[in-house]
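The values are calculated or read from the model by the stated rules, or taken from the named source; none is laboratory data. Quick caveat: nothing in here was measured; it's all calculated off a predicted structure. For neighbour counting, all protein chains shown are included, and Cβ atoms are generated from backbone atoms with ideal geometry for every residue, glycine included.
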Amino acid sequence: MLKDVNGLGPKSLQKLQDAGILTLEALAIQDPKVMADRTGLPESTGNRFITEARLMLKEKMALDFVPGSIAAKVLDVPIFSTGVAGLDKILGGGLRAGAIYEFVGPARSGKTSVCCQCCVTVQLPPDGRTIQIGKDEEYTVHGRGGPAIWLDTEKTFRPDRVSRIAERFGMDPNMAVESINYVKVVNAHHLRWLIEERLPFVLDATNAKLIVVDSLIRHFGAEFIGRETLARRQQIISRLLQLLIEYADAYQAVVIFTNQVRANPSPFGSPTKEAGGNILAYGSTYRIRLRPIKGEERRATIRDAPDLPEEEVTYYLTDIGLVDKNGLGTLANPTSTDNGDTE
Ligand SMILES: Nc1ncnc2c1ncn2[C@@H]1O[C@H](COP(=O)(O)OP(=O)(O)OP(=O)(O)O)[C@@H](O)[C@H]1O
Ligand SMILES: [Mg+2]
């Protein structure tokens with residue numbers, strides 16, 4: 001608990017809380033200078049608190065040196081499933097707490113659908129639900145038993161799509177929709193305010209295990225026009241990504257953001273490129289390219305992952321969400337209809 005930090009009295013506690021620093025984990029990953037600006041606490045005092053928090057969390061987050069055996073435990077984070085066995089496989093088992101996933105692709109490739117589906121699967125209990133993915137093949141979809149957060153810059157969040165997906169995993173569709181904390185983002189400034197000021201409070205209040213930003217750069221593309229705005233735009237986007245990375249770590253959540261592709265003017269390389277430039281590639285831990293093939297068929301490829309090979313998988317975008325094979329993907333044993341226990 002924050003209040004257990006040596007020397008941290010009620011006044012300092014209040015200042016930290018007002019600035020959205022609500023947990024020991026959030027304190028431990030602060031930059032003392034930035035924290036001084038945000039809280040009004042003297043930098044040296046803040047620095048003492050941060051150091052103390054790092055030592056207190058040494059064995060949980062390895063923010064000070066620990067033996068490799070403890071590192072193994074720290075790195076062994078909870079994972080939840082996307083609900084598509086093939087996609088989980090190329091992701092190394094599913095979506096890892098503390099990691100950032102960028103889903104990038106052209107219109108209708110399935111970016112928003114992936115987000116809808118993951119907002120449902122994250123809510124499933126950790127021991128999961130078993131679905132049919134082949135004639136004689138079953139697959140267990142593990143969740144985190146926690147709600148989700150959705151920042152929507154595109155106005156494409158569809159509760160009815162979430163309901164249909166929830167039903168196929170045997171969940172109460174109303175509860176599944178209710179457990180998504182939604183906000184419509186009107187412009188880039190609003191997005192900054194939400195990520196900088198509001199997100200820590202919502203994470204703390206809801207214990208959400210997934211943050212969706214669909215899409216991260218849309219407003220920046222529309223509002224920051226011309227080369228002279230580029231540096232500032234990239235600076236803001238990288239700051240927001242840095243914050244998202246910190247929240248993911250501090251709250252053991254997953255971050256998914258979506259990104260568009262635009263035509264690549266260069267005669268070299270692929271004909272399309274991720275929008276937003278390289279900064280997104282640095283900020284995101286895993287980049288997954290989605291593309292339409294034909295009909296409901298889509299393909300996903302892992303790009304730029306630190307610990308995974310570049311692999312490709314086919315999935316289908318249907319009325320019950322993303323599935324491994326067309327016509328399958330519903331419960332193997334359709335008796336249970338509750339939304340599961342919390343983690
Ligand atoms: N209820 C549904 N039943 C069947 N297919 C659907 C349904 N809803 C969406 N789809 C499929 O998903 C596609 C849209 O996918 P989605 O919105 O996830 O794409 P996107 O990558 O987010 O696109 P954009 O860049 O426009 O935001 C539709 O074109 C359709 O093929
Ligand atoms: Mg979309």
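Quick check: is even one residue across the stretch 58-73 among the aromatic types (Phe, Trp, Tyr), part of a helix (DSSP H, G or I) and more than 16 Å from ligand 1 (Cβ to nearest atom)? For the stretch 58-73, residues among the aromatic types (Phe, Trp, Tyr), part of a helix (DSSP H, G or I) and more than 16 Å from ligand 1 (Cβ to nearest atom): absent. Scanning the stretch 83-116 for residues that are within 16 Å of ligand 2 (Cβ to nearest atom) and of a type outside the set (Phe, Trp, Tyr) yields a count of 14. Filtering the stretch 117-131 to residues that are crowded, with 23+ Cβ neighbours inside 10 Å, away from ligand 2 (no atom under 13 Å from the Cβ), closer than 14 Å to Val323 by Cα and of a type in the set (S, T, N, Q) leaves only Thr121.
Could you figure out which of (1) in contact with a strand residue (DSSP E or B) (Cβ under 7 Å, 6 or more places away or on another chain); (2) assigned by TED's automatic domain parsing to the domain that holds Cys118; (3) modelled with pLDDT of 90 or more isn't true of Leu331? For Leu331, the exception is condition (2). For the stretch 1-14, a tally of residues being touching a residue at least 12 places away in the same chain (Cβ under 8 Å) and surrounded by fewer than 18 Cβ atoms within 10 Å (Cβ to Cβ) returns 4.
Being small (Gly, Ala, Ser), at pLDDT 95 or above and under 28 Å from the mean Cα position of the chain (by Cα) narrows it down to one of Ala19, Ala53, Ala62, Ala26, so name that one.
Only one candidate passes the filter, namely Ala53.
Given the criteria modelled with pLDDT of 95 or more, more than 16 Å from ligand 1 (Cβ to nearest atom) and in contact with a Gly (Cβ under 9 Å, 6 or more places away or on another chain), does Thr140 qualify? Judged against the criteria, Thr140 is a match.
The rows are residues; the columns are (1) modelled with pLDDT under 90; (2) within 16 Å of ligand 1 (Cβ to nearest atom); (3) farther than 19 Å from Phe103 by Cα.
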site	(1), (2), (3)
Arg218	yes, yes, no
Gly226	yes, no, yes
Thr229	yes, no, yes
Leu241	no, no, no
Leu244	no, no, no
Val254	no, no, no
Asn259	no, yes, no
Arg262	yes, yes, no
